[in-house]
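A.B. asks: This is the structure I have questions about; it appears just below.
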Amino acid sequence: MNLKEEIDVLEHKKFILATTNKNKLSEINAIAKDYGINFELPQVPFEVDENGETLYENALKKAQKCVELQSGYQENILKKAKFCPKENISFSEPNLFYLQENALIGHSQLNTSESIKMNNILECNSELETVKDYDKQNNLKLKKQNSCYILSDDTGLFVEALNGAPGIHSARYDTTPEKRIQKLLNALKNKNNKNAKFLCTMVLLTSKGKVLTTNTGEIKGIISNKTKGINGFGYDPIFFIESLNKTMAQLSKEEKNTISHRAKALIPILKYIKTFIL
């Protein structure tokens, strides 16, 4: 992606999912497509110490970290743009400009009677005649560049007989999905109560870190004695939904996206985006 393409991307509303889990991204986008919304993974390596005491705290931590990383990414893009030499300043090509290294702000090297020549990075009105006019337009452009929204979630499997475990530690219960499932089945071997529920809490932030909305979804089930089904991910193969007589992993993607805890958390947020952002 060249500099112009990167700047163009920043000028449009973007929705980023604060995760490295491609399965989660695919599941969320399958639901979001009906609302005309598409989420992307962060453009930079993403890792967070999820040491919060609630799903909301962990979701917020991930979103805030993503805000921080995204902000740094934008700054790095803008710093690639260099200030043009004075001899190239001209009124004849008002649609061509270069950015100063300090990203659109402060033009102390130019007199206010001079125009700036840009290189297809930002559109410019031919009526702009001074740096002051240019700065005024840039303030509007910067607002567009900040049209980035971060969605984050934290999900847990809460088992009654284990006092809610693995709960907020579900993703870190063991080192692999298979080991996490086996550890849970071992913990329930002598338990009669197999009741459990999935909870998912989502939070939507602006690029400045302001929380716009949050929501939690829930689905109840029981833990089966063995894995069943090949769809889904995580604990889906042992989460049995009695009303459907299937584990979560036996559901089609369409079925899961209709009844899952993640769908229940996500849909009100998608409606918020459609109403207040798009």
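A.B. asks: How about the stretch 159-172: which of its residues are without any contact (Cβ under 8 Å) to a residue 60 or more places away in the chain and crowded, with 20+ Cβ neighbours inside 10 Å?
C.D. replies: Result: 166, single match.
A.B. asks: So which residues in the stretch 21-47 are more than 22 Å from residue 270 (Cβ to Cβ) and either modelled with pLDDT of 90 or more or acidic (Asp, Glu) (or both)?
C.D. replies: If the condition is that a residue be more than 22 Å from residue 270 (Cβ to Cβ) and either modelled with pLDDT of 90 or more or acidic (Asp, Glu) (or both), then 47 is the only one that fits.
A.B. asks: Give the stretch 245-278 a look and list any residue that's surrounded by fewer than 14 Cβ atoms within 10 Å (Cβ to Cβ) and either touching a strand residue (DSSP E or B) at 6+ places or on another chain (Cβ under 9 Å) or of a type in the set (Phe, Trp, Tyr) (or both), or say none.
C.D. replies: 276
A.B. asks: So, one more: If I ask for residues that are in contact with a Ser or Thr (Cβ under 8 Å, 6 or more places away or on another chain) and crowded, with 20+ Cβ neighbours inside 10 Å, which ones from the stretch 181-207 would you list?
C.D. replies: Passing the criteria: 181, 198, 199, 200, 201, 202, 203, 204, 205.
A.B. asks: Look at the stretch 202-235 and say how many of its residues are within 30 Å of residue 14 (Cα to Cα) and touching a helix residue (DSSP H, G or I) at 6+ places or on another chain (Cβ under 9 Å).
C.D. replies: 21
A.B. asks: When the stretch 212-238 is examined, which residues are found to be of a type outside the set (S, T, N, Q), surrounded by fewer than 20 Cβ atoms within 10 Å (Cβ to Cβ) and over 10 Å from residue 250 (Cα atoms)?
C.D. replies: Across the stretch 212-238, the qualifying residues are 212, 218, 219, 220, 222, 226, 233.
The values are calculated or read from the model by the stated rules, or taken from the named source; none is laboratory data. Computed from a predicted model, the values in this text were never measured in an experiment. Cβ sites come from the backbone with ideal geometry, for glycine too, and all protein chains shown count toward neighbours.
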